[in-house]
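In what follows, a structure is listed as structure tokens, so that the remarks can point back to it.
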Amino acid sequence: MSEEHLRIKYRCRHPDCLIKSCRTGEIDIDESEFKELSSSCEDETLFKSPRGICRLGFPQTFKALEVRKLSEIADEESEEKEERVSALADDPIAILKAEHQGVLRTLDLIEDQILRRDMDGLWITVAKVENEIVRHSIRKEEGVLFPLLEKIYPMSGMHIGIIKEDHRELLALLHSIRDTMREGDIPDNVLHSALSNLRSHIRKEDDEFFEMIDDYLDAEMRKILLEGMEGAEKSHVVIEAGERKKLDHGEESPDRIRYKEALLTANEHAEKDHCH
């Protein structure tokens, strides 16, 4: 009988981590390793951290908040995926909300990379977030959704202006982060500000904006949105992290160039749509 693999949600019990709430996370380990790590603890929910997990460099006591078999999780995720695919097929708003969930998972990864001081990992993951903002926010929302809303729901203009400003502030933060990383530094404060702002932006769209506009979209409008979003997806050029190197004096970063191109494309789509 093959050994089970476990996914454990944990919280570190080191005093600093308890105060800062900075070491709650997940790890995947073999069942036998978990038994060995927990063998010295009377409380069956406590175990010693595996090698290389603690940023302080030595084992800490972790509390297991949840222990699940990976095989069970895989089965559940497969069923949930089938349900999501079915539900998303004809609902553009549900698609946009699902993409938000993917971004939130990436933000969790960034937090872990910050703690581990993983410069190379951060360089790639921050570019992934930038790609998602351009693909989702600029091309799909600003290029497809917003022009349609401005036609059918005049009161949406004020909300759209606020959301667009959020998009620009978020991209500006990401540019600042990547420019700093080119110099070999991890800008903790700016990174945490970007994570907080993006999570707040997603909550605002999911819980307020999307809920507000959902009733205004009939079947025909949803079809138009789906077709426009599919077109935006196909035309989007994936943003790669590229090489992390210092820029020459006065040289414009690739991030800034991509940002300008994305805004220009979104504006062209909006102007074309208004002319119809």
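The values are calculated or read from the model by the stated rules, or taken from the named source; none is laboratory data. The structure presented is a predicted model; accordingly, all values stated were derived computationally and were not measured. Note that each Cβ is placed from the backbone with ideal geometry, even for glycine, and that neighbours are counted across all protein chains shown.
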Open item on the list: Condition check: among the β-branched types (Val, Ile, Thr) and modelled with pLDDT of 80 or more. Does Ile73 satisfy that?
Closed with: yes
TODO: List the strands (runs of 3 or more DSSP E) that sit entirely inside the stretch 23-73 and contain at least 1 residues that are surrounded by fewer than 14 Cβ atoms within 10 Å (Cβ to Cβ) and either of a type outside the set (A, V, I, L, M, F, W, C) or free of Cβ contacts under 8 Å to residues at least 40 places away in the same chain (or both).
DONE: 24-30, 61-69
Task: Matching residues in the stretch 149-200 - criterion: being in contact (Cβ under 8 Å) with a residue 12 or more places away in the chain, assigned to a loop (DSSP other than H, G, I, E, B) and not hydroxyl-bearing (Ser, Thr, Tyr) - done: Glu183, Gly184, Ile186
- [ ] Please state which of the following conditions Met221 fails to meet, knowing it meets all the rest: (1) in contact (Cβ under 8 Å) with a residue 60 or more places away in the chain; (2) out of contact with any helix residue (DSSP H, G or I) (no Cβ under 6 Å at 6 or more places or on another chain); (3) under 18 Å from Leu109 (Cβ atoms).
- [x] (3)
- [ ] Report whether or not Arg199 is among the charged types (D, E, K, R) and modelled with pLDDT of 95 or more.
- [x] yes
